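Enquirer: Sharing a structure below in structure tokens format, with a few things to ask.
The values are calculated or read from the model by the stated rules, or taken from the named source; none is laboratory data. Just so you know, these numbers come straight off a predicted model, no measurement behind them. Using ideal geometry, Cβ is built from the backbone for each residue, glycine included, and neighbour counts are taken over all protein chains shown.
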Amino acid sequence: MRVSVIGGAGYVGLVTAVGLAKLGHQVVGVDVNATVVAGLQSGVSPIYEEGLDDALAACIASGNLRFTHELGDETSEADVVFVAVGSPMRADGSADLAAVSDVVKNLATLLRGHTVVAVKSTVPVGTIAAMRSEFETHGDSVIDLVVNPEFLSEGSGMWDFFHPSRIIVGTDSARAREVMRDLYAPFLPGGEGISTDLDMARDVPLLETTVQDAQIIKYASNAFLATRISFINEVAAVCDHLGGDITRVAEGIGYDPRIGHRYLQAGIGFGGPCLEKDLQALIYFAAEHGYKANFLESTLARNEEQLNVIVQRARELVGGELRGKKISVLGLAFKGGTNDVRTSLSLRIIHLLMNFGAVVSAHDPVAIEEARRLAPDIEYAADPYVSAEGADLVLVLTDWPEYGELDWSRIAKASNGKSVFDGRNVVDQIACETAGMAYVAIGR
Ligand code: UGA
């Protein structure tokens, strides 16, 4: 099928474009960012994602994928046009739909004939109706609107694309449902016969819903994940007070098949561009429609509270006063496996520590450049051992596997205070203590 992905240089857009091209569709990725598009045309990805570079090169070489910064014939003649532009959070928690509106205006005048426009951007209930009226007012084409939410996680985006837990298609158009079934056919029940040498999931559940339900499924999925994290951080605080070990407690409760083990890692809270944004948006839209979502508000408040918990503990570990203390912070990305520092709680914690007068030296295996662009006021160190030089405290804020393999005797020699605060429960406690450092962790 012919597919156009608008926002094709962004995280969701790029992974979707590459994934669909690998499935054999003819894909064009369209993005306003001409510099990034120029890089993509020669196979250079703007994001760090396992398996993406190879897949991108293979799809460009096979002729299934190209990139452009202008909407043109490939989009107007596409069977499916995906909208995957950003819908960032405004200060009040609502979604900023400027980019989505621009795309809809441009598509309304460009599209001819019968096209399925599938929205991957997470947009509030009501936006689809507004899009429909824009198309009806300004275009003379027949547009079938679909909400097809994305459940990709950064760091495992390519794997997630080929192993979806479910495919959600929200639309009131029977024709669009058929087009989307064809697009995703190899994944779906009955699609086993379609030959492919890709490592991919088969027999994936397809849920065809109304537009509203598809949108709420997306928001509620992220809100539920956020709730699990706030829940486990709350239990970690209980463990801290009662003398329990949250890693054992989470393991113990996770064996219950009704609960499961995933998303039960206590830490510094949930960061990143999605969980908080979607939780805030759900709270905001519920309020707009007259419902105060107290439970969701508590999930959010618990996440904010976790920042204070971390800073307070760091203060205690350096003797009660942060002013003038040197803190080595290991980890800037909002989670291991990505170079994304947008809404990274690590940056917020560093700024809180600096506001209290601490001197921070921060390290990350891949995200220093991105962090420097957002936070030029922070001092960065090229490796963890340099970061630890003269430090009163080593504070681990991202769950990078390499922080589980650090040479703690080197850090012990370099640092001053000989304490490690493991904000992610990733550090090797025995190696740390053997090197003579005091080990403190969340909920243990
Ligand atoms: C999240 C969802 O997991 C995806 O399903 C969804 O598609 C995506 O948002 C989106 O809406 O685009 P992502 O933002 O990549 O994916 O991040 P997660 O892996 O969910 O992690 C979010 C935050 O929670 C990170 O800071 C992570 O370190 C933290 N986390 C996660 C924990 O503190 N504990 C856990 O057990 C799991």
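Enquirer: If we keep just the residues of region 239-253 that are in contact (Cβ under 8 Å) with a residue 24 or more places away in the chain and part of a helix (DSSP H, G or I), which is farthest from residue 308 (Cα to Cα)?
Expert: Result: 249.
Enquirer: Still on this structure: Would you say residue 87 is assigned to a helix (DSSP H, G or I) and either more than 20 Å from residue 177 (Cβ to Cβ) or among the acidic types (Asp, Glu) (or both)?
Expert: No.
Enquirer: Another question, if that's okay. For residue 427, are the conditions met, namely being in contact with a Cys (Cβ under 7 Å, 6 or more places away or on another chain), aliphatic (A, V, I, L, M) and on the phi < 0 side of the Ramachandran plot? Let's see the steps before the verdict.
Expert: On the way: in contact with a Cys (Cβ under 7 Å, 6 or more places away or on another chain): no; aliphatic (A, V, I, L, M): yes; on the phi < 0 side of the Ramachandran plot: yes.
No, not satisfied.
Enquirer: Assuming residue 272 fulfils every condition listed in (1) among the small types (Gly, Ala, Ser); (2) buried (at least 17 other Cβ atoms within 10 Å of the Cβ); (3) within 16 Å of the chain's Cα centre (by Cα); (4) more than 9 Å from the ligand (Cβ to nearest atom) apart from one, which condition is it?
Expert: Status for residue 272: all satisfied but (4).
Enquirer: Another question, then. Return yes when residue 216 is assigned to a helix (DSSP H, G or I), aliphatic (A, V, I, L, M), within 15 Å of the ligand (Cβ to nearest atom) and over 22 Å from residue 269 (Cβ atoms) and no when it is not.
Expert: yes
Enquirer: Residues in region 304-319: is at least one of a type outside the set (Gly, Ala, Ser), buried (at least 22 other Cβ atoms within 10 Å of the Cβ) and out of contact with any Leu (no Cβ under 7 Å at 6 or more places or on another chain)?
Expert: yes
Enquirer: Out of all the residues in region 254-269, which are touching a residue at least 24 places away in the same chain (Cβ under 8 Å) and more than 11 Å from the ligand (Cβ to nearest atom)?
Expert: none
Enquirer: Further question: Within region 402-444, track down each residue that is touching a helix residue (DSSP H, G or I) at 6+ places or on another chain (Cβ under 6 Å) and hydroxyl-bearing (Ser, Thr, Tyr).
Expert: Correct list: 419, 439.
Enquirer: Got a number for residues in region 49-81 being in a strand (DSSP E or B) and either of a type outside the set (Val, Ile, Thr) or not assigned by TED's automatic domain parsing to the domain that holds residue 111 (or both)? Explain how you work it out, then say what you get.
Expert: Looking only at region 49-81, we keep the residues that are in a strand (DSSP E or B), and these are 65-68, 80-81.
Within this subset, residues satisfying the condition of being either of a type outside the set (Val, Ile, Thr) or not assigned by TED's automatic domain parsing to the domain that holds residue 111 (or both) are 65-67.
Of the residues in region 49-81, 3 are in a strand (DSSP E or B) and either of a type outside the set (Val, Ile, Thr) or not assigned by TED's automatic domain parsing to the domain that holds residue 111 (or both).
Enquirer: At least 1 residues that are touching a residue at least 60 places away in the same chain (Cβ under 8 Å) and in contact with a strand residue (DSSP E or B) (Cβ under 7 Å, 6 or more places away or on another chain) in each: list the strands (runs of 3 or more DSSP E) lying fully within region 351-444 that qualify.
Expert: Of the strands (runs of 3 or more DSSP E) lying wholly inside region 351-444, those with at least 1 residues that are touching a residue at least 60 places away in the same chain (Cβ under 8 Å) and in contact with a strand residue (DSSP E or B) (Cβ under 7 Å, 6 or more places away or on another chain) span 393-396, 419-422, 438-441.
Enquirer: Being surrounded by fewer than 19 Cβ atoms within 10 Å (Cβ to Cβ), of a type outside the set (S, T, N, Q) and either at pLDDT below 95 or within 16 Å of the ligand (Cβ to nearest atom) (or both): is that true of residue 232 here?
Expert: The answer is no for residue 232.
Enquirer: To continue, here is another question. Tally the residues that are within 15 Å of the ligand (Cβ to nearest atom) and part of a helix (DSSP H, G or I), restricting the search to region 275-331.
Expert: Of the residues in that region, 18 qualify.
Enquirer: Could you grab me the full set of residues in region 201-213 that are within 16 Å of the ligand (Cβ to nearest atom) and either over 22 Å from residue 19 (Cβ atoms) or outside any strand (DSSP E or B) (or both)? Before you say what the answer is, go through the steps one by one.
Expert: The initial filter retains those residues of region 201-213 that are within 16 Å of the ligand (Cβ to nearest atom), namely 201, 204-205, 207.
Once the filter is applied, which keeps residues that are within 16 Å of the ligand (Cβ to nearest atom) and either over 22 Å from residue 19 (Cβ atoms) or outside any strand (DSSP E or B) (or both), region 201-213 yields 201, 204, 205.
Enquirer: Next question, about the same structure. Considering only residues that are of a type in the set (D, E, K, R) and touching a residue at least 24 places away in the same chain (Cβ under 8 Å), which ones fall in region 77-123?
Expert: We begin by selecting, within region 77-123, every residue of a type in the set (D, E, K, R); these are 77, 79, 90, 92, 96, 102, 105, 112, 120.
Correct list: 77, 79, 92, 105, 112, 120.
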